[in-house]
Amino acid sequence: AQPSTPTPPATPAATPKQDNLITIKSPMIGTFYRQAGPDKPIFVNVGDEVTTGKVVCIIEAMKLFNEIESEVTGTIVKVLVEDASPVEYDQPLFLVEPA
């Protein structure tokens, strides 16, 4: 005989809630840089607070360096792209937990 109560689905305990995270996406095709130059500080790291308008990275396209600004206020949860990697239009770059 089988018990009649349904078993609830298992949920991982240590995973942050993904449904409330906001993705910062690339507005263009180019090369992703986390800092303005080799001797410059990194714009943002995991755990950093960002506000609307804060520069989070640079994307170089056709020798033009475009500062990419955050569209949200919150905390950087994950950096999704390696430094100096090519990125596509609309490619996710960062995950942000909104404040």
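Would you kindly state how much longer the chain becomes between THR23 and ASP90 on full extension, computed as 0.36 nm times their sequence separation minus their alpha carbon distance, in nm to one decimal?
So the extension gain works out to 23.1 nm.
List the chymotrypsin sites (Phe, Trp or Tyr not before Pro) in the range 34-99 that DSSP assigns to loop (not H, G, I, E or B) and whose Cβ has at most 10 other Cβ atoms within 10 Å. Which are they?
Passing sites in the range 34-99 are TYR89.
Between ASP83 and GLU71, what is 0.36 nm times their sequence separation minus the Cα-Cα distance? Round to one decimal in nm.
Answer, rounded to one decimal: 2.3 nm.
Read the figures in this text as sums done on the coordinates, not as results from a lab. What you see is a predicted model; the values in this text were computed from it and never measured. Quick reminder, even Gly has a Cβ in these numbers, built from the backbone with ideal geometry, and neighbours come from all protein chains shown.
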